Amino acid sequence: MAGQWEEIGNRLRAYRLGKNFKASDVADQIGVSRAALYRLEKGELVKIETLEKLAALLDVSLPSLMGVGVEYYGNAISFFERMRQLEENVVQILGNFSPISFLLLSNEYMDHLRTMLIESTDISGPGQKAFADYVDRLLAVLKERRQTALAKKTPVVSILNRASIERFLHAGLVGRYDLKPNVVKTRRAWARSEVERLVTIFRKPPIGTQIGIVETFAPEQTFQVYEKSDSTFVTMSPYRLGDHPNVSAGIAIVTAAPEAVRLFKNIIIEQWEHAKHGDSGAKLLEQLLAKAPV
(Lines give C-alpha, C1' and ligand atoms only; values in the text may rest on other atoms or scores of the structure.)
Protein backbone atom coordinates (compact mmCIF):
# COMPACT_ATOMS: atom_id res chain seq x y z
CA MET A 1 0.00 0.00 0.00
CA ALA A 2 2.93 2.32 0.75
CA GLY A 3 4.02 1.99 -2.87
CA GLN A 4 0.59 3.10 -4.05
CA TRP A 5 0.76 6.30 -1.99
CA GLU A 6 4.27 6.94 -3.28
CA GLU A 7 3.00 6.68 -6.86
CA ILE A 8 0.16 9.10 -6.04
CA GLY A 9 2.77 11.52 -4.75
CA ASN A 10 4.78 11.08 -7.94
CA ARG A 11 1.76 11.81 -10.10
CA LEU A 12 0.92 14.85 -7.97
CA ARG A 13 4.41 16.27 -8.57
CA ALA A 14 4.23 15.55 -12.31
CA TYR A 15 0.89 17.31 -12.72
CA ARG A 16 2.05 20.22 -10.55
CA LEU A 17 5.20 20.76 -12.64
CA GLY A 18 3.14 20.59 -15.81
CA LYS A 19 0.98 23.43 -14.52
CA ASN A 20 4.10 25.36 -13.46
CA PHE A 21 2.71 25.67 -9.93
CA LYS A 22 5.05 26.24 -7.00
CA ALA A 23 4.54 23.94 -4.04
CA SER A 24 3.69 26.96 -1.89
CA ASP A 25 0.97 28.07 -4.32
CA VAL A 26 -0.69 24.65 -4.30
CA ALA A 27 -0.38 24.36 -0.52
CA ASP A 28 -2.04 27.75 0.01
CA GLN A 29 -4.94 26.95 -2.29
CA ILE A 30 -5.80 23.62 -0.66
CA GLY A 31 -5.16 24.84 2.90
CA VAL A 32 -2.03 22.92 3.94
CA SER A 33 1.57 23.92 4.64
CA ARG A 34 4.27 23.70 1.99
CA ALA A 35 6.03 21.07 4.09
CA ALA A 36 2.82 19.05 4.17
CA LEU A 37 2.56 19.22 0.38
CA TYR A 38 6.13 17.99 -0.01
CA ARG A 39 5.29 15.08 2.31
CA LEU A 40 2.30 14.28 0.11
CA GLU A 41 4.61 14.19 -2.91
CA LYS A 42 6.88 11.82 -0.98
CA GLY A 43 4.01 9.38 -0.51
CA GLU A 44 2.50 10.33 2.85
CA LEU A 45 -1.00 9.03 3.52
CA VAL A 46 -3.58 11.65 2.56
CA LYS A 47 -7.28 12.11 3.03
CA ILE A 48 -9.54 11.62 0.02
CA GLU A 49 -10.89 15.16 0.52
CA THR A 50 -7.38 16.53 0.02
CA LEU A 51 -6.92 14.48 -3.14
CA GLU A 52 -10.21 15.82 -4.48
CA LYS A 53 -9.03 19.40 -3.89
CA LEU A 54 -5.72 18.65 -5.59
CA ALA A 55 -7.39 17.03 -8.60
CA ALA A 56 -9.68 20.03 -9.06
CA LEU A 57 -6.81 22.51 -8.73
CA LEU A 58 -4.57 20.61 -11.16
CA ASP A 59 -7.44 20.05 -13.60
CA VAL A 60 -7.13 16.26 -13.66
CA SER A 61 -9.60 13.57 -12.73
CA LEU A 62 -9.36 11.94 -9.31
CA PRO A 63 -8.90 8.48 -10.92
CA SER A 64 -5.95 9.80 -12.97
CA LEU A 65 -4.34 11.30 -9.88
CA MET A 66 -4.83 8.03 -8.00
CA GLY A 67 -3.68 5.91 -10.93
CA VAL A 68 -6.93 4.02 -11.27
CA GLY A 69 -6.99 2.54 -14.77
CA VAL A 70 -5.19 5.06 -16.98
CA GLU A 71 -3.23 8.22 -16.20
CA TYR A 72 -3.71 10.96 -18.82
CA TYR A 73 -1.14 13.68 -19.53
CA GLY A 74 -2.00 16.57 -21.84
CA ASN A 75 1.23 18.35 -20.96
CA ALA A 76 4.68 17.16 -22.08
CA ILE A 77 6.40 18.40 -18.91
CA SER A 78 4.04 16.38 -16.71
CA PHE A 79 4.50 13.30 -18.88
CA PHE A 80 8.31 13.40 -19.04
CA GLU A 81 8.49 14.04 -15.30
CA ARG A 82 6.34 10.92 -14.85
CA MET A 83 8.73 8.98 -17.09
CA ARG A 84 11.66 10.21 -15.02
CA GLN A 85 9.95 8.95 -11.87
CA LEU A 86 9.25 5.53 -13.39
CA GLU A 87 12.90 5.23 -14.41
CA GLU A 88 14.22 5.92 -10.90
CA ASN A 89 14.00 2.31 -9.69
CA VAL A 90 13.21 0.45 -12.90
CA VAL A 91 14.59 -3.03 -13.54
CA GLN A 92 14.38 -2.70 -17.31
CA ILE A 93 12.89 -0.45 -20.00
CA LEU A 94 11.55 -2.01 -23.18
CA GLY A 95 10.84 0.53 -25.87
CA ASN A 96 9.72 1.19 -29.42
CA PHE A 97 11.20 4.56 -30.25
CA SER A 98 10.86 6.86 -33.23
CA PRO A 99 13.45 7.53 -34.34
CA ILE A 100 15.88 6.96 -31.42
CA SER A 101 15.53 6.45 -27.69
CA PHE A 102 16.20 9.75 -25.93
CA LEU A 103 18.37 7.87 -23.43
CA LEU A 104 20.74 6.82 -26.24
CA LEU A 105 21.27 10.29 -27.71
CA SER A 106 24.40 12.39 -27.22
CA ASN A 107 24.91 15.12 -24.65
CA GLU A 108 25.01 17.67 -27.48
CA TYR A 109 21.53 16.65 -28.53
CA MET A 110 19.98 18.67 -25.71
CA ASP A 111 21.18 21.91 -27.30
CA HIS A 112 20.02 20.74 -30.73
CA LEU A 113 16.61 19.87 -29.28
CA ARG A 114 16.15 23.35 -27.86
CA THR A 115 16.96 24.86 -31.25
CA MET A 116 14.41 22.61 -32.99
CA LEU A 117 11.69 23.26 -30.45
CA ILE A 118 12.08 27.05 -30.52
CA GLU A 119 11.99 27.16 -34.34
CA SER A 120 9.01 24.77 -34.51
CA THR A 121 6.50 27.45 -33.53
CA ASP A 122 5.24 30.58 -35.27
CA ILE A 123 4.34 32.20 -31.95
CA SER A 124 5.50 35.82 -31.65
CA GLY A 125 5.40 38.57 -29.03
CA PRO A 126 4.81 37.66 -25.36
CA GLY A 127 3.70 34.18 -26.39
CA GLN A 128 7.15 33.50 -27.83
CA LYS A 129 8.83 34.11 -24.48
CA ALA A 130 6.22 31.99 -22.70
CA PHE A 131 6.90 29.11 -25.10
CA ALA A 132 10.67 29.50 -24.65
CA ASP A 133 10.17 29.32 -20.87
CA TYR A 134 8.05 26.20 -21.33
CA VAL A 135 10.78 24.61 -23.47
CA ASP A 136 13.44 25.40 -20.86
CA ARG A 137 11.34 23.85 -18.08
CA LEU A 138 10.83 20.78 -20.24
CA LEU A 139 14.55 20.50 -20.98
CA ALA A 140 15.33 20.75 -17.26
CA VAL A 141 13.18 17.65 -16.65
CA LEU A 142 14.75 15.82 -19.61
CA LYS A 143 18.28 16.65 -18.43
CA GLU A 144 17.54 15.34 -14.96
CA ARG A 145 16.00 12.22 -16.49
CA ARG A 146 19.04 11.62 -18.69
CA GLN A 147 21.56 12.24 -15.90
CA THR A 148 19.75 9.79 -13.61
CA ALA A 149 19.61 7.11 -16.31
CA LEU A 150 23.30 7.49 -17.12
CA ALA A 151 24.34 7.43 -13.46
CA LYS A 152 22.27 4.32 -12.72
CA LYS A 153 23.09 2.65 -16.06
CA THR A 154 19.40 2.02 -16.59
CA PRO A 155 18.94 -1.20 -18.64
CA VAL A 156 17.30 -0.33 -21.98
CA VAL A 157 16.03 -2.65 -24.70
CA SER A 158 15.48 -0.37 -27.72
CA ILE A 159 13.83 -1.20 -31.04
CA LEU A 160 14.53 1.14 -33.95
CA ASN A 161 12.83 1.23 -37.33
CA ARG A 162 14.66 1.58 -40.63
CA ALA A 163 12.11 3.98 -42.13
CA SER A 164 12.30 6.29 -39.10
CA ILE A 165 16.10 6.43 -39.26
CA GLU A 166 16.00 7.15 -43.01
CA ARG A 167 13.55 10.00 -42.41
CA PHE A 168 15.71 11.29 -39.55
CA LEU A 169 18.79 11.42 -41.79
CA HIS A 170 16.92 13.00 -44.69
CA ALA A 171 15.18 15.70 -42.66
CA GLY A 172 18.02 16.46 -40.27
CA LEU A 173 17.48 17.95 -36.83
CA VAL A 174 14.92 20.54 -37.87
CA GLY A 175 11.83 22.01 -36.30
CA ARG A 176 10.27 23.28 -39.55
CA TYR A 177 10.53 22.79 -43.31
CA ASP A 178 11.29 26.31 -44.57
CA LEU A 179 14.94 26.49 -43.50
CA LYS A 180 17.69 27.71 -45.80
CA PRO A 181 19.73 25.05 -47.65
CA ASN A 182 22.91 25.76 -45.71
CA VAL A 183 21.02 25.37 -42.42
CA VAL A 184 19.48 22.08 -43.57
CA LYS A 185 22.96 20.83 -44.47
CA THR A 186 24.17 21.59 -40.95
CA ARG A 187 21.14 19.91 -39.40
CA ARG A 188 21.67 16.79 -41.50
CA ALA A 189 25.22 16.68 -40.21
CA TRP A 190 23.85 16.77 -36.65
CA ALA A 191 21.54 13.85 -37.45
CA ARG A 192 24.39 11.87 -39.06
CA SER A 193 26.43 12.33 -35.90
CA GLU A 194 23.65 10.76 -33.82
CA VAL A 195 23.28 7.79 -36.17
CA GLU A 196 27.07 7.31 -36.25
CA ARG A 197 26.90 7.20 -32.46
CA LEU A 198 24.28 4.45 -32.79
CA VAL A 199 26.64 2.44 -34.99
CA THR A 200 29.13 2.44 -32.12
CA ILE A 201 26.43 1.43 -29.64
CA PHE A 202 25.40 -1.49 -31.87
CA ARG A 203 28.97 -2.74 -32.01
CA LYS A 204 29.88 -2.01 -28.39
CA PRO A 205 26.73 -1.45 -26.32
CA PRO A 206 27.04 -0.05 -22.79
CA ILE A 207 26.33 -2.51 -20.00
CA GLY A 208 22.58 -3.12 -19.83
CA THR A 209 21.82 -1.71 -23.29
CA GLN A 210 20.32 -3.95 -25.96
CA ILE A 211 19.47 -2.40 -29.32
CA GLY A 212 17.98 -3.72 -32.55
CA ILE A 213 16.64 -2.33 -35.82
CA VAL A 214 13.77 -3.76 -37.84
CA GLU A 215 13.39 -3.34 -41.60
CA THR A 216 9.74 -4.37 -41.82
CA PHE A 217 6.69 -2.35 -40.78
CA ALA A 218 6.83 -1.28 -37.14
CA PRO A 219 4.46 0.75 -34.97
CA GLU A 220 4.99 4.49 -35.38
CA GLN A 221 3.64 5.14 -31.91
CA THR A 222 6.30 5.65 -29.27
CA PHE A 223 5.79 3.44 -26.24
CA GLN A 224 7.80 2.07 -23.34
CA VAL A 225 7.30 -0.80 -20.93
CA TYR A 226 8.77 -0.09 -17.48
CA GLU A 227 9.46 -3.27 -15.55
CA LYS A 228 9.86 -2.55 -11.85
CA SER A 229 10.43 -5.01 -9.02
CA ASP A 230 6.81 -4.87 -7.86
CA SER A 231 4.88 -3.55 -10.87
CA THR A 232 5.00 -2.88 -14.62
CA PHE A 233 3.81 0.24 -16.44
CA VAL A 234 3.23 1.08 -20.09
CA THR A 235 3.58 4.62 -21.43
CA MET A 236 2.31 5.77 -24.83
CA SER A 237 3.10 9.22 -26.12
CA PRO A 238 2.46 11.53 -29.09
CA TYR A 239 5.36 13.72 -27.97
CA ARG A 240 8.39 13.57 -30.28
CA LEU A 241 11.97 14.52 -29.46
CA GLY A 242 13.47 13.73 -32.88
CA ASP A 243 13.21 15.59 -36.18
CA HIS A 244 10.19 17.91 -36.28
CA PRO A 245 9.67 17.52 -32.53
CA ASN A 246 6.28 17.93 -30.89
CA VAL A 247 5.85 18.82 -27.23
CA SER A 248 2.65 20.82 -27.56
CA ALA A 249 -0.12 18.65 -28.97
CA GLY A 250 -1.58 15.32 -27.94
CA ILE A 251 -2.42 13.20 -24.92
CA ALA A 252 0.06 10.75 -23.40
CA ILE A 253 -1.07 7.89 -21.20
CA VAL A 254 0.40 5.70 -18.48
CA THR A 255 -1.19 2.46 -17.37
CA ALA A 256 -0.40 -0.65 -15.34
CA ALA A 257 -3.35 -2.59 -16.79
CA PRO A 258 -2.21 -6.23 -17.22
CA GLU A 259 -3.69 -6.52 -20.72
CA ALA A 260 -1.87 -3.41 -21.94
CA VAL A 261 1.40 -4.61 -20.39
CA ARG A 262 1.05 -8.03 -22.03
CA LEU A 263 0.15 -6.67 -25.48
CA PHE A 264 2.94 -4.11 -25.63
CA LYS A 265 5.56 -6.51 -24.27
CA ASN A 266 4.54 -8.99 -26.95
CA ILE A 267 5.10 -6.35 -29.64
CA ILE A 268 8.64 -5.74 -28.39
CA ILE A 269 9.39 -9.47 -28.16
CA GLU A 270 8.11 -10.09 -31.69
CA GLN A 271 10.07 -7.18 -33.14
CA TRP A 272 13.22 -8.22 -31.29
CA GLU A 273 13.08 -11.65 -32.92
CA HIS A 274 13.11 -10.03 -36.38
CA ALA A 275 15.55 -7.22 -35.61
CA LYS A 276 19.17 -6.92 -36.64
CA HIS A 277 21.56 -6.69 -33.70
CA GLY A 278 25.25 -6.17 -33.17
CA ASP A 279 27.41 -5.96 -36.27
CA SER A 280 24.52 -6.69 -38.68
CA GLY A 281 22.54 -3.78 -37.21
CA ALA A 282 25.61 -1.53 -37.41
CA LYS A 283 26.12 -2.45 -41.08
CA LEU A 284 22.50 -1.61 -41.89
CA LEU A 285 22.92 1.83 -40.30
CA GLU A 286 26.13 2.36 -42.26
CA GLN A 287 24.23 1.55 -45.47
CA LEU A 288 21.59 4.14 -44.56
CA LEU A 289 24.31 6.70 -43.81
CA ALA A 290 25.96 6.03 -47.20
CA LYS A 291 22.68 6.68 -49.05
CA ALA A 292 21.51 9.66 -47.01
CA PRO A 293 21.77 13.19 -48.45
CA VAL A 294 24.41 15.47 -46.95
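Picking from residues in the stretch 18-45 that are modelled with pLDDT under 85 and not hydrophobic (A, V, I, L, M, F, W, C), the one that is nearest to the chain's Cα centre (by Cα) is Gly43.
Taken over the stretch 46-71, the criterion of being farther than 22 Å from Leu86 by Cβ and either of a type in the set (Phe, Trp, Tyr) or more than 27 Å from the chain's Cα centre (by Cα) (or both) is satisfied by Lys47, Ile48, Glu49, Thr50, Glu52, Lys53.
When only residues in the stretch 144-171 that are more than 21 Å from Gly212 (Cα to Cα) and surrounded by 13 or more Cβ atoms within 10 Å (Cβ to Cβ) count, which is farthest from the chain's Cα centre (by Cα)? If we take residues in the stretch 144-171 being more than 21 Å from Gly212 (Cα to Cα) and surrounded by 13 or more Cβ atoms within 10 Å (Cβ to Cβ), then Ala171 is farthest from the chain's Cα centre (by Cα). Among the residues of the stretch 4-15, is any closer than 26 Å to Leu142 by Cα and more than 23 Å from the chain's Cα centre (by Cα)? So far as the stretch 4-15 goes, yes, one or more of its residues are closer than 26 Å to Leu142 by Cα and more than 23 Å from the chain's Cα centre (by Cα).
Taking Arg167 as the residue in question, decide whether it is modelled with pLDDT under 95, part of a loop (DSSP other than H, G, I, E, B) and either farther than 30 Å from Ala132 by Cα or in the same structural domain as Ala76 (by TED's automatic domain parsing) (or both).
So Arg167 fails the test.
On the basis of being out of contact with any Phe, Trp or Tyr (no Cβ under 6 Å at 6 or more places or on another chain), closer than 14 Å to Ser98 by Cα and either at pLDDT below 95 or surrounded by fewer than 18 Cβ atoms within 10 Å (Cβ to Cβ) (or both), does Phe217 make the cut? So Phe217 passes the test. When Arg13, Arg84 are checked against the criterion of being outside the structural domain of Lys143 (by TED's automatic domain parsing), within 29 Å of Leu117 (Cβ to Cβ) and outside any loop (DSSP other than H, G, I, E, B), Arg13 stands alone in meeting it.
Per this entry, Ser193 is not counted among residues that are touching a residue at least 60 places away in the same chain (Cβ under 8 Å) and under 25 Å from Ile269 (Cβ atoms). The residue that is surrounded by the most Cβ atoms within 10 Å (Cβ to Cβ), counting only those in the stretch 87-130 that are assigned to a helix (DSSP H, G or I) and without any contact (Cβ under 8 Å) to a residue 40 or more places away in the chain, is Arg114. Can Val174 be described as in a loop (DSSP other than H, G, I, E, B), among the hydrophobic types (A, V, I, L, M, F, W, C) and either under 21 Å from the mean Cα position of the chain (by Cα) or within 15 Å of Met116 (Cα to Cα) (or both)? Spelling it out, Val174 is indeed in a loop (DSSP other than H, G, I, E, B), among the hydrophobic types (A, V, I, L, M, F, W, C) and either under 21 Å from the mean Cα position of the chain (by Cα) or within 15 Å of Met116 (Cα to Cα) (or both).
Annotation: of all residues in the stretch 235-251 being at pLDDT 90 or above and of a type in the set (A, V, I, L, M), the one that is farthest from Arg188 (Cα to Cα) is Ile251.
For the stretch 57-81, filtered to residues that are touching a Leu at 6+ places or on another chain (Cβ under 9 Å) and assigned to a loop (DSSP other than H, G, I, E, B), the residue that is modelled with the lowest pLDDT is Val68. Residues that are under 25 Å from Arg192 (Cα atoms) and among the hydrophobic types (A, V, I, L, M, F, W, C) within the stretch 88-128 comprise Leu94, Phe97, Ile100, Phe102, Leu103, Leu104, Leu105, Met110, Leu113, Met116, Leu117, Ile118, listed in sequence order.
The values are calculated or read from the model by the stated rules, or taken from the named source; none is laboratory data. Because the structure is a prediction, the values reported are computed rather than measured. Note that each Cβ is placed from the backbone with ideal geometry, even for glycine, and that neighbours are counted across all protein chains shown.
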